[in-house]
Amino acid sequence: MESGPLISIGLPISLFIIMVGIGMTLTARDFHQVTVKPTGLVLGTIAQILLMPLAAFALAWALQLPPAMAVGLVIIAACPGGTTSNLFTLLAKGNVALSIVLTVSASLMTIMSLPLFANFALKLYFGTQQEITLPLGKTVLMLSLIVLLPVITGMGVKALWPALAARAEGVVSIFGGLVLAGLIVSIVYGMRDRFVDLLIQAGPATLALNILGIAIGLLCTRAAGLGTRERLAVATELGIKNGTLGLMVTLTLLHSSNMSVPSAIYGVIMFPLGFLLAAYGRRLAKAHKVAATAEEATRPAEAG
């Protein structure tokens, strides 16, 4: 499961460019609104840090997964959303500012929560406990370089050259879609010799976890009375995981290729479902726009 040049070199560069483009769609007011009305941030963070790992434990029990697969499923469930979730939120016409804040907050909290859940899973399924620690400095630096720095750069471009930022938004969406499609092909090709076997082993559990994450995001935010853009942001954040982090933990820290299988398969499965969620969000946005236009058109008639 070694990453090719597209993933190890091309993807970080592409994500940086995409995040600059996403920053061009944002203003400081967007982030101010997230903090003034923090319901989406609070719900999304709790669901990401607590509900998703608990869902993985439940799925591992229900599907009677082998110990290595069960631990791997818990680890990918405990991983935060990555920068890719911000892109999918943009494609879905969701609240990108909320998505970015969720990515940052969950990623930082993961430094503590992921090792706790991983150690508990190891003890539960193997009867042993292994110490796992995520490097704080490296994690913060990674977030700064791939999330915060390009977003701030993009916001600066929008503030100085708003016309350029407006034209770039459509180009970024197309570029992002092409990068994600290329990433899917690269992942599948890299696992081509074992892909079918791995899909049979981990496919049902990872697919169920992905769908469950999206459902949790949509349902809990709907119950809280949040708007469509906020619901899409939280659902996308729970469905699109940082699979690279899951692979790092299982391969580098636990030295287990078997435990890495759920992260690898999840990294493939989440993209098609992410595109479906994006299509759903764009359809909702179009329907809302049509409804608003129709309502605006009826006002003069009603006034008369």
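A few points about this structure:
- Boolean, residue 119 is under 27 Å from residue 141 (Cβ atoms), in contact (Cβ under 8 Å) with a residue 40 or more places away in the chain and not basic (Lys, Arg): no
- If you go through segment 222-239 and keep only what is small (Gly, Ala, Ser), assigned to a helix (DSSP H, G or I) and more than 11 Å from residue 44 (Cα to Cα), you end up with 223, 239.
- Within segment 41-56, residues that are under 22 Å from residue 227 (Cα atoms) have Cβ atoms under 8 Å from residues that are not in a helix (DSSP H, G or I) in these pairs: 43/224; 43/226; 48/80; 48/81, counting only partners at least 6 apart in sequence or on another chain.
- When 15, 26, 87 are checked against the criterion of being modelled with pLDDT under 90, surrounded by fewer than 24 Cβ atoms within 10 Å (Cβ to Cβ) and under 16 Å from the mean Cα position of the chain (by Cα), a single residue qualifies: 15.
- Taken over segment 38-66, the criterion of being surrounded by fewer than 22 Cβ atoms within 10 Å (Cβ to Cβ), of a type outside the set (A, V, I, L, M) and in contact with a Leu (Cβ under 9 Å, 6 or more places away or on another chain) is satisfied by 39, 45, 57.
- Checking every residue in segment 179-200 against the condition of being among the basic types (Lys, Arg) and either in contact with a Leu (Cβ under 9 Å, 6 or more places away or on another chain) or at pLDDT 85 or above (or both) gives zero matches.
The values are calculated or read from the model by the stated rules, or taken from the named source; none is laboratory data. Being a predicted model, the structure only gives us computed values, none of them experimental. Counting neighbours? That spans all protein chains shown, and the Cβs are built from the backbone with ideal geometry, glycine included.
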